[in-house]
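The values are calculated or read from the model by the stated rules, or taken from the named source; none is laboratory data. Predicted model only: the values in this text are computed from it and were never measured. As a convention, Cβ positions derive from the backbone with ideal geometry for all residues, glycine included, and neighbour counts pool all protein chains shown.
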Amino acid sequence: MKYPEYRKSTAYKIMFSIGIADCLQTVAHFYSGIITLKNSVSGSYFEKFMGGLINSAWLAVVPQGLVLALNRLDVFRSKQLKQSSDGYIFPILLFLSWIFGGIYFVLYLTDYTGIVYNRSGFYWEYDSGNWSETLGNVEYYTTIPILLATFLIYLLVIGVILMMKKSKTTKSMPGTFEIRLLIQAVFVFIYSVLIVCCWHYFSLFLPDSPWTPVIINIAWISLGALNPSFYLAFNR
């Protein structure tokens, strides 16, 4: 980031953190590509490590998306109210997001649950451990509310922007820099929600085909390239 304005932006610090999680997922995706091509035998501890890494990194991204939405709300609200709650709040929330993903990572390395690579379907899934079904349910019932909260916050952001436009006070309107960040954050959020919906509800709207999970996994892999693409497209 060669622009000082970007380096000072809390939103970019959050996006950088999300980018780290995306890179960790990409490493595991690269590994799954190698074992797919080699058709190697499953069950190694390194595969268990990579499976834990990819899913826990994804689970760390979900609350970070909420932190980013809260930051966008704070920025646009502060433009309207002339005050901001920024400071130590967002770094602490980022830290808690990584703790959230880290807890899952530790659990995935135990003998009671884990994430393994399905070679016939070309995707990662929970193994048959004693805790796997329970942990899968915990993952679902924690991530879905976080995504819903993120969605509601973005609705609030849109509402704040509309109120600012109605007030016709140009001084309180955010600059193009903040608008670009908002558009980028919303697009990435929508893409992430679509992936989650596909994983959990694909039987409702996608064909019953062995290629369906493959396509969903490709969409997940593409998520790692989405953020850098937006960085280049919106911030040249």
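Here's the yes/no breakdown for (1) free of Cβ contacts under 8 Å to residues at least 24 places away in the same chain; (2) crowded, with 18+ Cβ neighbours inside 10 Å; (3) at positive phi:
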site: Tyr88; (1), (2), (3): yes, no, no
site: Tyr112; (1), (2), (3): yes, no, no
site: Ile115; (1), (2), (3): no, yes, no
site: Gly159; (1), (2), (3): yes, no, no
site: Lys166; (1), (2), (3): yes, no, no
site: Ile179; (1), (2), (3): yes, no, no
site: Phe187; (1), (2), (3): no, no, no
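Might you let me know whether the stretch 149-156 holds any residue that is over 14 Å from the mean Cα position of the chain (by Cα), surrounded by 12 or more Cβ atoms within 10 Å (Cβ to Cβ) and at pLDDT below 90?
no
Determine which single condition Ser85 fails, assuming it passes every other condition in (1) modelled with pLDDT under 95; (2) touching a helix residue (DSSP H, G or I) at 6+ places or on another chain (Cβ under 8 Å); (3) part of a helix (DSSP H, G or I).
Only one criterion in (1) modelled with pLDDT under 95; (2) touching a helix residue (DSSP H, G or I) at 6+ places or on another chain (Cβ under 8 Å); (3) part of a helix (DSSP H, G or I) is unmet by Ser85, namely (3).
Can you tell me which residue in the stretch 36-74 is nearest to Leu94 (Cα to Cα), limited to those that are among the β-branched types (Val, Ile, Thr) and surrounded by fewer than 17 Cβ atoms within 10 Å (Cβ to Cβ)? Lay out the reasoning, then the answer.
Of the stretch 36-74, the ones among the β-branched types (Val, Ile, Thr) are 36, 41, 54, 61-62, 67.
Imposing the further condition that a residue be surrounded by fewer than 17 Cβ atoms within 10 Å (Cβ to Cβ) reduces the set to 36, 41.
Values: Thr36: 34, Val41: 37 Å.
That would be Thr36.
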